[in-house]
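Take a look at the structure below.
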Amino acid sequence: MEIVRPQRKPPSGDAVPTLPLYRSAPPLEVRLEDFELYAMDRLRVLKGISDGLSRGKKPEEMEKLVTDLWKTHMRHPHAPDAANKDIISHFVLRLVYCRTEELRKWFLSNETALFRYRFLAQTPEAQRKLMAEFDLPYKAVSSTEFEGIKDKLSQVARLLGHSLPASDALFYKVPFEEVSELVAGRRVFIQKGYAYVAMNQVVSLVVTQFRSLQSKALILTNRKWTSTIREEEKDRLTPIVEALCTSYLGPDYSQPKEFSEVSIKDINQIAKSSFPLCMRHLFEKLREDHHLKHGGRMQLGLFLKGVGLKLEDALAFWKAEFSQKVGAERFDKEYAYSIRHNYGREGKRTDYTPYSCQKIISSTPGVGDHHGCPYRHFSEENLRAALCRMGVNSGAMEDVMEKVRNRHYQLACTITFEAIHGSSYDAGINHPNQYFTDSQKILKSKLHFGDVPSLKLM
Amino acid sequence: MSDDGREEADNQRDQMSIDAAEEVNPNHLKLYYGRLFPYADMFKWLSYGNDGKHPGCDASFFGRREFSFTLDNDVYLRFQSFNTLPDLENSIKDKSPSKIDIGPVYSVDPSKRHAYAQSGVNVFTPVERELVFDIDITDYDDVRYCCSGADVCLDCWPLMTVAIKVIDAALREDFGFNHILWVFSGRRGVHCWVCDGKARRLTNEQRAAIADYFRVYKGNENSGKKVSLAGPVLHPFLVRSYADFLKDFFETKLLSSQNLFLTEERYEKILEMIPDNSVTSELRGKWQQNTRRSSAPKEDINLVRWAQLKSTLQSGKQKGQGLRRCVEEIVFCFAYPRLDMEVSKHMNHLLKAPFCVHPKTGGYLDVLSVLEMNASAMKEDQFSHITRCYHVILSGRVCVPIDPDNCDEFDPTRVPMLSQLLGELNIEGRTADDGNVWDGTSLGKSIRFFRSSFLQPLLKSCKEEIESSYSSKLQQSKSSISW
């Protein structure tokens, strides 16, 4: 794939199949803007899939979700361009997500899920074509063999609620190792080491192949990335690639929402009622120690900016704490600068955005640090104690711990949110500032029933 | 066992106190390793043909296998490896481990793993491992009334026998495996080693899939029904298990041997599995009356009540598949094999070697070290489970192979014991350089079976595999040269 600046449309290719297998990078020219935009769009799809899977959506629900996500983000008025967008965005993200084991795993599992549901949405004719593309070494079961095991095959078909196989039904005879998921669920008849896979189950087969293809490709891409691409492209693609996997795809909360404002006098109250655990913990530690290390100052400071704490108030707030430990003079000299910096008043004057969950979860707090995601970085014991202080009841506590054990940290936080606010929350927590804003909304709507601390929304 | 032989042995060995069923004497263990343990057979087995002279052999194969030793002072030695048969033999004789575990074959010699780790690339990883299964009678405590925990008797051992039959049939007929070794685990249960090349190279995911294929138990202590067979029909594997093994075993053996319907408490447990109050109250009514007036003495009350339950559930007036399925669910719940899933799912899970002698002394720490070494693959509930059944570990019985085709004849109470073997050895009066010293002992039958039914066919197909893969490699390199 070549990346070029000229705004020339790539020629439309007729040979593009309905579903690409992304075997090799296409000889397409891509505008640099598209390079990034397409990748962002695909990333939105993958993120949606990842959220859907971690919320435990059923296969039918996932099928619909994937179709919707694809329509929303990957549509293109011109059909060949849509196909190109699909391919280009895949290869860009492959570059982005090849770089660590964790990134590869995430990409692999969501791309595979994407492929699975796109495959299912194809016509049988197109599915057969794709099967042929994979060049699977499997033979269809001959009619004599079929007659011999027809009873067993119908048994399995009935078990699955499928219609009984007709005499000309197509079955593939496959080593059982290659359809693990069908074996595990006893959803296939197995004899002498071979699984008899019905046409409507070949998706398992194809997905296994797709996955192993992608897995190998990611390793190769990683090698190429570290050996040549990163250096060659250090001025052009590398910054884009490195930014893409950390970029958060929702609203970035760099500007306080809905003109909300918070003043220092309210901050204790709202911290108690509406801060997510990660921020609450930093806030309490700051009050306790009158100090936070750099990671903590960044995570909490930018969050407070997003919450609506103005620069002057932020300076006063941090000074009030830090001066108790280091003295007012040292605070002005050493710490005030970075607070102004966060607000874009110093240095390169970037208005920094508050950290997203993804960024916080992937941080690596060291000794003496209090930043990071408590669901990920706390020991079970500490997390339980912290949740208890927040007022999470024991039923919800177990749900939270269950999610934590399965490494669904954002879901754990969502459950905490639901437990504390006593209302369901379908959106799912993706950002600490989203937690805060929606918490305030709920509390405000409850104001009629009692005096609940809240922001004044103007 | 021969009492005379034992007495004689006792006298000859300077009045050492031997209570065979209780303790394993370290000196006895030394003698066992010195004269009886079948090193050559173990080496041949775990070499899988790679100890031959064929150019296709992988000479490093055996040396990359992990062994772990539990020593008498509760020291646990992991990642032992041996390049040759004499290395293996000398080390075992020297250390006289109270337990030997076999791990996977790694990508590199496990004893040198640190050296490889320093290279920065993670190359130390398991590459081959037999597909293994572990079934323990202690997992059946809620369905057996004759014994619990530590004990096993001829009434409950058949649960193991039927487990062997069900799993063995599926491994051969469904999965197409041929080289399967069943071993008395010495822990009141059985181990299974599937040794086909294809089985040894399964990934963890594929192992988990097979384990899940075998799983019918869902739910837990609190959820009442533990077996749930959903769907309009059963999977062919479950149909075979039921029709060929479980139904007959349940009805002709287990019902009466465990007296499953004898008391109210017992039949209530079964009635709990029926989700229809009209059925259960009808049956309960019959049985409560039945208890008061003493029934005909010749009739087995368990059989009678089971027949009543079946006819009520299967009678025409009971609508719905769910209720008719209940009969099968009850049978599965009582008789279907209960596998320790974690053991089968991971390549790097250690399993006790065949022909070990199960120790009693040091048992507790032994268990702890097993927990430690498998910590990654073990959940907390298993920890408590194992500590709970720690007292199962007893006696100096040898972990001998079990013939799956004749497993009905296997009697755990007659498995050779260490002291007995040593007694027999003394009667034989042979010296160590007689060759097959074990031939005249009770161990002879087991080793002969191991060789003829397992090792020989295995090595034959290993040889074929090595030859065919070598010739296809040759073919490949030839064609690449011509290109």
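Bin all alpha-carbon pair distances of segment A:264-448 at 10 Å intervals from 0 and give each bin's fraction as a whole percent.
Values per bin, smallest distances first: 9, 37, 35, 16, 3.
Three principal axis extents, largest first, for the C-alpha atoms of chain A, in Å?
Principal-axis extents of the Cα atoms in chain A, largest first: 89, 57, 41 Å.
Cα gyration tensor of segment A:200-248, axes a ≥ b ≥ c as square roots of the eigenvalues: rounded (a/c below 1.5), prolate (a/b > b/c) or oblate?
Here segment A:200-248 falls in the oblate category.
Only four residue types carry charge here, +1 at the Cβ of Lys and Arg and -1 at the Cβ of Asp and Glu. Report the dipole size of segment A:359-422 about the Cα centre in Debye, rounded to the nearest 20.
Dipole of segment A:359-422, to the nearest 20 debye: 180 debye.
Note down the magnitude of the dipole of segment A:264-448 about its Cα centre, charges +1 on Lys and Arg C-beta and -1 on Asp and Glu C-beta and zero elsewhere, to the nearest 20 debye.
400
Checking the a/c ratio against 1.5 first, then a/b against b/c, what shape does the Cα gyration tensor give for segment A:99-232?
Judged from the Cα gyration tensor, segment A:99-232 comes out prolate (a/c at least 1.5, a/b above b/c).
For A:LEU28, which sequence-distant residues (separation of 5 or more, or a different chain) have an amide H within less than 5 Å of its own amide H, given hydrogens modelled in the peptide plane?
A:GLU2
Name the aspartates and glutamates eligible as straight-distance cross-link partners of A:LYS444: C-alpha to C-alpha under 20 Å, and not fewer than 8 places from it in the same chain.
Within the straight-line limit of under 20 Å, A:LYS444 reaches these aspartates and glutamates: A:GLU258, A:GLU261, A:ASP266, A:GLU418, A:ASP426.
Relative to the first principal axis of the alpha-carbon coordinates of chain A, what is the inclination of helix A:32-54, with its axis defined by its Cα atoms, in degrees from 0 to 90 and to the nearest 10?
Between the helix axis and the principal axis of chain A, the angle is about 90 degrees.
Which FRET efficiency value, to the nearest 0.05, do you get for A:HIS162 and A:THR364 by plugging their Cβ-Cβ distance into 1/(1 + (r/R0)^6) with R0 = 51 Å?
Approximately 0.55, to the nearest 0.05.
Students often forget the sequence filter, so: which lysines lie under 20 Å Cα-Cα from A:LYS173 once same-chain residues fewer than 8 apart are removed?
A:LYS129, A:LYS139, A:LYS150, A:LYS152, A:LYS192, B:LYS198
Compute the acute angle (0 to 90°) between the alpha-carbon long axis of helix A:124-134 and the principal axis of greatest extent of the alpha-carbon atoms of chain A; round to the nearest 10°.
The answer is roughly 90 degrees.
Restricting the calculation to Cα positions, tell me the Rg (one decimal) and the Dmax (whole number) of segment B:44-183 in Å.
Gyration radius and largest Cα-Cα distance of segment B:44-183: 19.3, 57 Å.
Taking one equal scatterer on every alpha-carbon of segment A:132-205, how large is log10 of I(q)/I(0) by Debye at q = 0.16, 0.18 1/Å?
Each listed q corresponds, in turn, to -0.51, -0.65.
Rounded to the nearest 0.05, what FRET efficiency do B:LYS53 and A:GLU145 give with R0 = 41 Å and r taken as the Cβ-Cβ distance? Could you check?
Working: r = 41 Å, r/R0 = 1.00.
Rounded to the nearest 0.05, the efficiency is 0.50.
Considering the options A:ALA336, A:TYR409, A:GLN440, tell which one lies farthest towards the positive end of the dipole of chain A, charges being +1 on Lys and Arg and -1 on Asp and Glu at the Cβ, about the Cα centre.
Positive-most Cα among the choices belongs to A:ALA336.
Which whole-percent values make up P(r) of segment B:35-96 when all C-alpha to C-alpha distances are grouped in 5 Å steps starting at zero?
Spelled out bin by bin, segment B:35-96 gives 4, 17, 27, 24, 15, 8, 4, 1, 1 percent.
What ³J(HN,Hα) values, in whole Hz, does the Karplus curve 6.51 cos²θ - 1.76 cosθ + 1.60 give for segment A:62-68 when θ = phi - 60°, with x put for Gly and Pro?
Going residue by residue, I get 5, 4, 5, 4, 5, 4, 5 Hz, with x marking Gly and Pro.
Within chain A, what percent of beta bridges assigned by DSSP are antiparallel, to the nearest 5? Display every interim value, and only then the final one.
On the way: 9 of 11 bridges.
Given both bridge residues lie in chain A, the antiparallel proportion sits at roughly 80 percent.
Cα to Cα, under 29 Å, and not fewer than 8 places away if on the same chain: which lysines meet these conditions relative to A:LYS319?
Filter leaves A:LYS257, A:LYS265, A:LYS272, A:LYS285, A:LYS293, A:LYS305, A:LYS310, A:LYS333, A:LYS348, A:LYS359, A:LYS456.
Taking the 0 to 90 degree range and rounding to the nearest ten, how far is the long axis of helix A:394-405 tilted relative to the main principal axis of chain A, both from C-alpha atoms?
With rounding to tens, the tilt is 60 degrees.
Give the residue from B:SER98, B:ILE164, B:VAL143 lying farthest towards the positive end of the charge dipole for segment B:81-217; charges sit on Cβ (+1 for Lys and Arg, -1 for Asp and Glu) and the dipole is referred to the Cα centre.
B:SER98
Under 9 Å from the Cβ of B:ARG78, count the other residues' Cβ atoms, weight Lys and Arg +1, Asp and Glu -1, and hand me the total.
-2
How big is the charge dipole of segment A:132-205 about its Cα centre, in debye rounded to the nearest 20, if each Lys and Arg gets +1 on its Cβ and each Asp and Glu gets -1 on its Cβ?
For this selection, approximately 320 debye.
What FRET efficiency would be calculated for the residue pair B:THR125, A:TRP106, taking the C-beta separation as r and a Förster radius of 25 Å, to the nearest 0.05?
Result of the calculation: an efficiency of 0.70.
What residues qualify as long-range amide H neighbours of A:PHE189, i.e. H under 5 Å apart, gap of 5 or more or another chain, H built at 1.01 Å from N?
For A:PHE189, the qualifying residues are A:TYR196.
Each value in this text was obtained by applying a stated rule to the coordinates, not by laboratory testing. Quick caveat, the model's predicted, so the values are computed rather than measured. Positions of Cβ are generated from backbone atoms using ideal geometry, with glycine treated the same way; all protein chains shown enter the neighbour counts.
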